[in-house]
Amino acid sequence: MDQRMLSRRQLLKTMAATGAIAATDLAWWEEPLLRPRRAWGAAPVRFQFSVPEPKRNALVESLVQRFNQSQNDFEVKVEFVPQAQARQKLITSIAAGNPPDCAQVWDNWVGEFDGMGAVEDLTGKVKDWKHYSDVLPIAWQTVTVKGHIESFPWVVTNDALYYRTDRLKEYGLKAPKDDWTFDEFLTLTKGFTKTDKNQYGFGMRGQGTWAVLYATEFMYANGAQVLKDGKVVINSKEAAEALDWYLDLFRKYKVCPPSVPTDGWRGIVEGFGRGVTNTYIHNSGSLEEQKGFVGEKNFATVPLPLGPAKKRASFYFSETLTGFNKGKNREGAWRFMSWLMDDEPNLMYTKGLGLLPSRKSLFQRPEFQNDPSYQGFLKSFPFSMVSPYLAYAGWGGKIDSEGVPLFQQALVGKLGSKEFLDKFAEVLTKNMS
Amino acid sequence: MANGATVAAPLARTLISRRTRELVTGYLYLVPVVVVLGATVLFPILKAMRMSLYNHVLIKPQEYRYVGLANYVRLLHDEVFWQSLWNSCLWVFGSVSFQFLGGFAGALLLHRSFRGRILVRTITLLPWIIPGVVVALVWEFIYQPNYGLLNDILSRAGLMTERVAWLSSPALAMPAVIATNVWRGVPFFAIMLLAGLQAIPTELYEAARVDGASVVQRFTHVTLPLLRPIIVVATATRIVWTFNYADLIFVMTGGGPANATQITSTYTLLQAYSNLDFGYAATLSVVLLLIMLAFTVFYLRVTRGLESVS
């Protein structure tokens, strides 16, 4: 799709329309609205949802209504909070002693909430739960803090590379194989870069926590690690070499758009959607969006390339359902959260958003296994790992507030790769709590 | 009838004298103002001062304790704070000086008689009326390097071969956000100075003209001295306001890239709402308050001087 054909307004309209169509097109979502409402008994369950996009809103509203119609003991009330403020709102509500009963939160926040003594320990209940053994063990790892299961891994995903298949043919480039290398990645991104057409080979992320995480995945491919024997070792020689190579994609080879230092999640997704970039790294959460933007047949996904150490990593994370111990209806929250993990609601939510279910029986279904656009993610599972930055709760906010500005300094050449990693290691070491 | 004669009895002495009563009544009238100002201004300041002496990180409630001046010591060693203070100076100086020059030019133009003057005056106010967040979003789109308006116009006009990353380059990000703030703030000065220009008696210009004064001389000897009090007040107000103004930068760059546009107010926001470090954020606020107080004292001295001149 030519970026000149898609204005910002059109893009927003498309996003809104996608949500509206998804919500109206499926009879499943409509059904609860047609039934009469019942009377409510116990205190309502407050559920905070922090990614208010049109499509997600429609899905979550429908799920909540469907749950409310399925029982008459209590009502679930959903509270939509902008993602940028969700963590701070939860923390302030916890500090004020008035948290919601349950919330949708990212796995890297759970440790912080646990540190505040605010999270409902689900270990006992979860182990007796009917689907306990059906959930992928690695998914449980993402929500386990100090040996306690604190949340449900609602959906999971890992990282892979999105690339344009139509332009691959147009420019006569070789399609990346599943076991491709750093060099082949560079060749591909160079071939994809056509500055005269305002097209770039790689949409690198420069803002937000995942800017650092994507770079770390490349460092792991060169044999680096974040932690070794309880010590921060992210400033190793291997890490510095790999980071140099990664940053050179922007600094030296110019295969990335000039907007990289301020490109966050929306920046990389929109860059690809508007046709400015021809590859980018992301989780499967933008799959459905890209099907609408560039067309299902015009892109594919592939695992991240193998590094010089013949290794690679894809960081695995989950979107969790977390209950709070100061909630007014904790039993209701448990019932609602476990219901969201049931077959039908879970499948509808995950597939609707392009994410993967954490339950093996759902994960193996043809909707995911046979969809070509999921292949890069599915093939990455053998080498996927829980993000090493989940090791300490204290790292959660610091990566964003201190790690990212340092990373940006390395990106724009104000700091060398080793210098950045030394400073970053210092930040991590100071906050090992 | 001597017995029936009325004798003037002295009035019973009141508990408090009339003068004291009037004084107390006067002070009682002030009570609502004192209560409101105390609750909305003084209390938050005192609360922030107290908070700055504590280790108050919301995500670590177990570590909440009195730490004395530790947060202030940390601030002295915080490189990002010093960078943000320097950036604030650039931000304030760059914004206010160009806003003033643009506003002055606009006021002089709008002071002249021409057809459609009222319409032009209304349009001039538009950037000032639009909410700051909306201005930030619009300009973010204008500056967008890949599909933004500015790069598109420049490349179509043949003035640019390589796309410029206005907000993503550390060297250009600050000038870019300053330019946006200038665009937004010019109407403020234009309207303030226009009001001042309209208050200058035309007789003074006529007298100067009769005395053979040139346009430049009339401007420097009549217009400028009579506008001086307004210039000082408007500029000082604007400096304080711009120093504390975070919306524009917060939306456009979030203080990045690499802290290139991090000013003290956005840094305080970052500490409070990203790190949830309320103790350190309060320390930053107290220091900024002191800086602004120092500036205000200086400003009051200047204006008092002007009052005596006028």
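Please enumerate the residues belonging to segment B:159-195 that are farther than 28 Å from B:Ser88 by Cβ and away from chain A (no Cβ under 14 Å).
Scanning segment B:159-195 gives B:Leu159, B:Leu194, B:Ala195.
Which helices (runs of 4 or more DSSP H) does segment B:215-264 wholly contain that include 3 or more residues that are among the aliphatic types (A, V, I, L, M), modelled with pLDDT under 90 and within 21 Å of the chain's Cα centre (by Cα)?
Those helices (runs of 4 or more DSSP H) span B:224-244.
Just to verify a result, which residue in segment A:273-325, among those that are assigned by TED's automatic domain parsing to the domain that holds A:Pro100 and more than 25 Å from A:Phe363 (Cα to Cα), is farthest from the chain's Cα centre (by Cα)?
A:Asn325
For segment B:64-73, which positions are within 29 Å of A:Asp114 (Cβ to Cβ) and either modelled with pLDDT of 95 or more or surrounded by fewer than 13 Cβ atoms within 10 Å (Cβ to Cβ) (or both)?
Of everything in segment B:64-73, those that are within 29 Å of A:Asp114 (Cβ to Cβ) and either modelled with pLDDT of 95 or more or surrounded by fewer than 13 Cβ atoms within 10 Å (Cβ to Cβ) (or both) turn out to be B:Arg65, B:Tyr66, B:Val67, B:Ala70, B:Asn71.
Test each condition in (1) modelled with pLDDT under 90; (2) within 17 Å of the chain's Cα centre (by Cα) for A:Met385 and report the one that comes out false.
Failed condition: (1).
Does A:Val269 satisfy the condition of being more than 30 Å from B:Met160 (Cα to Cα), within 14 Å of chain B (Cβ to nearest Cβ), in a helix (DSSP H, G or I) and not hydroxyl-bearing (Ser, Thr, Tyr)?
Answer is no for this residue.
Kindly indicate which of B:Leu101, B:Leu42, B:Leu110 is within 21 Å of B:Thr242 (Cβ to Cβ) and not aromatic (Phe, Trp, Tyr).
On inspection, the qualifying residue turns out to be B:Leu101.
Within segment A:161-169, is there a residue that is over 23 Å from A:Gly285 (Cβ atoms), in contact (Cβ under 8 Å) with a residue 60 or more places away in the chain, surrounded by fewer than 24 Cβ atoms within 10 Å (Cβ to Cβ) and of a type in the set (S, T, N, Q)?
no
Please tell me if A:Gln375 is away from every other protein chain (no Cβ under 14 Å), within 19 Å of the chain's Cα centre (by Cα) and at pLDDT below 95.
Yes; evaluated as a whole, the condition is true for this residue.
Scan segment A:244-266 for residues that are away from every other protein chain (no Cβ under 13 Å), over 14 Å from A:Tyr214 (Cα atoms) and buried (at least 21 other Cβ atoms within 10 Å of the Cβ) and jot them down.
A:Val255
Among the listed residues A:Val255, A:Val269, which satisfies the condition of being among the hydrophobic types (A, V, I, L, M, F, W, C), in the same structural domain as A:Tyr220 (by TED's automatic domain parsing) and without any contact (Cβ under 8 Å) to a residue 40 or more places away in the chain?
Step by step, each of A:Val255, A:Val269 is checked, and only A:Val269 is among the hydrophobic types (A, V, I, L, M, F, W, C), in the same structural domain as A:Tyr220 (by TED's automatic domain parsing) and without any contact (Cβ under 8 Å) to a residue 40 or more places away in the chain.
What is the residue count in segment B:55-77 for residues that are closer than 16 Å to B:Ala272 by Cα and either within 14 Å of another protein chain (Cβ to nearest Cβ) or of a type in the set (A, V, I, L, M, F, W, C) (or both)?
Looking only at that region, the number is 10.
The values are calculated or read from the model by the stated rules, or taken from the named source; none is laboratory data. Please read these numbers as outputs of a predicted model, since none were measured by experiment. Reconstructed Cβ throughout: ideal geometry from the backbone, glycine too, with neighbour counts over all protein chains shown.
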